[in-house]
Amino acid sequence: MMELRKTLTGRIALTVVATLILLFLALPIVVILVTSFSNNAFAAFPPEAWTLNWYRALFADGSKWPAALSLSALVAALSTVFSLIIGVTAATALVRSELPLRSAVFALVLGPLLIPQIVTALGLFLLFEPAAMLGSPIAIALGHTVLASPIAVLILIATLRGIDERLEDAAASMGAGRLTIARKITFPLAAPGMIAAAIFSFITSFDEFYISQFLSSVDTVTLPVQVYNSLTFEIDPSVTAVSAILIAFAVLALGLVALVRWIGTGRQESLLSVENTVGVAAPGGETV
């Protein structure tokens, strides 16, 4: 690979290959975006004419999409809260403490990502069905948390490992307790990672289909389940408009994550520069 970069032909070849790969990955997204403005009732591509009717139909009287969107937003918000609680607790224990059997705990946390989602969904169905919780937003949110929390844990582990421990040592050397250090140093610096974890947890829950399908009822249908029903039982071109909106939401979310992490990196660098200038106070009052 390094040899290819040294020659003009190699650089051109790498550029062409990279461009083709990016186009291949972006092509389905482009097709959905373009088709959402088609006037064809069968969502044909390429469009013969352009219209905004399918976007208007999403919020027309009698439309099922607003209720599905509201439920998905509610479930995703609950799942995000649950995932952050689990993520902060687990990541702190794995990174900042001498936890016994750390590797086993880490593998257990990542387990839901390795198990097929339909298996997890079936297990949750068998768990919640005897408790008469099928169709409950709380049950669906708890089910989504099983998949969203490992992602939050991974992000927060990387975030905590990226925080320079000298900042915490400096606070401890000046008499700050663990809670004070966590409240004044660790959590503020980890805030960008926590926001990123929240965003990815929300997206994971919002897009989850299998668990929603197993745990939903006739009256509680999430957006992915409604998309599936519209494609299976009827021909509804509004699905392309919904998909386009979800794509735009995902792009905005990723942009927000990048912005937040960039701001967080600058904050830590500024604190490190202050710490290097002042020095770390030793217990005897000297600086090191």
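The values are calculated or read from the model by the stated rules, or taken from the named source; none is laboratory data. Quick caveat: nothing in here was measured; it's all calculated off a predicted structure. Backbone-built Cβ (ideal geometry, glycine too); neighbour counts: all protein chains shown. When the accessible area is computed, the model is the full protein with side chains, heavy atoms only, and any ligands, DNA or RNA have been set aside. Shrake-Rupley method; radii C 1.70, N 1.55, O 1.52, S 1.80 Å.
Once the Cα-Cα distance is subtracted from the 0.36 nm per residue extended length, the Met174 to Ser103 segment shows a gain of 22.2 nm.
Shown is the FRET efficiency for Trp50 and Leu74, computed with R0 = 30 Å from the Cβ-Cβ distance and rounded to the nearest 0.05: 0.35. In region 6-155, Cα pairs under 8 Å separated by at least six residues give a relative contact order of 22 percent.
3J(HN,Hα) couplings calculated from phi for region 214-219 with the Karplus curve 6.51 cos²θ - 1.76 cosθ + 1.60 (θ = phi - 60°) are, in sequence order, 6, 9, 7, 10, 5, 8 Hz; Gly and Pro show x. Here the alpha carbons of the chain define both size measures, Rg and Dmax, at 24.1, 79 Å.
For the chain, a Gaussian network of Cα nodes joined below 10 Å ranks Trp262, Trp54, Trp65 by mean-square fluctuation, and the top entry is Trp262. Each residue, Ile85 and Phe125, gets one label point 7 Å from its Cα in the Cβ direction; the gap between the two is 2.7 nm. Computed from Cα atoms, the angle from the helix 65-96 axis to the main principal axis of the chain rounds to 20 degrees.
Given H placed on each backbone N at 1.01 Å, which residues far from Ser38 in sequence or on other chains put an amide H within less than 5 Å of it? Sorted by chain and number, the residues that satisfy this are Thr51.
Each helix, a run of at least 4 DSSP H residues, gives -39500 (n - 2.57); summed and divided by the residues of the chain, these come to -24500 deg cm²/dmol at 222 nm. When the Cα positions of Gln117, Ser217, Ser70 are compared along the charge dipole of the chain, Gln117 comes out farthest toward the positive end, with charges on each C-beta of Lys, Arg, Asp and Glu.
Counting heavy atoms of the protein chains alone, Met133 has an accessible area of about 50 Å² for a 1.4 Å probe. Given R₀ = 51 Å, what would the calculated FRET efficiency be for Val16 paired with Ala132, taking r from the Cβ atoms and rounding to 0.05? It comes out at approximately 0.30.
For region 154-215, the Cβ-based charge dipole about the Cα centre amounts to some 240 debye (Lys, Arg positive; Asp, Glu negative; other atoms uncharged). Given a 1.4 angstrom probe, I'd like the percentage of the accessible area of the chain that is carbon and sulfur, rounded to a whole number. Ligands and nucleic acids excluded, carbon and sulfur give 71 percent. In the context of the full set of protein chains, residues of region 194-250 present 42 Å² of accessible surface per residue (probe radius 1.4 Å, heavy atoms only).
Surface analysis of region 32-89 yields an accessible area of 57 Å² per residue, using protein heavy atoms and a 1.4 Å probe.
Computed with every protein chain present, the accessible area of Tyr210 is close to 100 Å² [probe 1.4 Å]. Compared with the dominant Cα axis of the chain, that is its longest principal axis, helix 187-207 is turned about 20°. Grouping the Cα pair distances of region 3-103 into 5 Å bins from zero gives a pair-distance distribution of 2, 10, 9, 8, 9, 9, 10, 11, 12, 11, 7, 3, 1 percent in increasing distance order.
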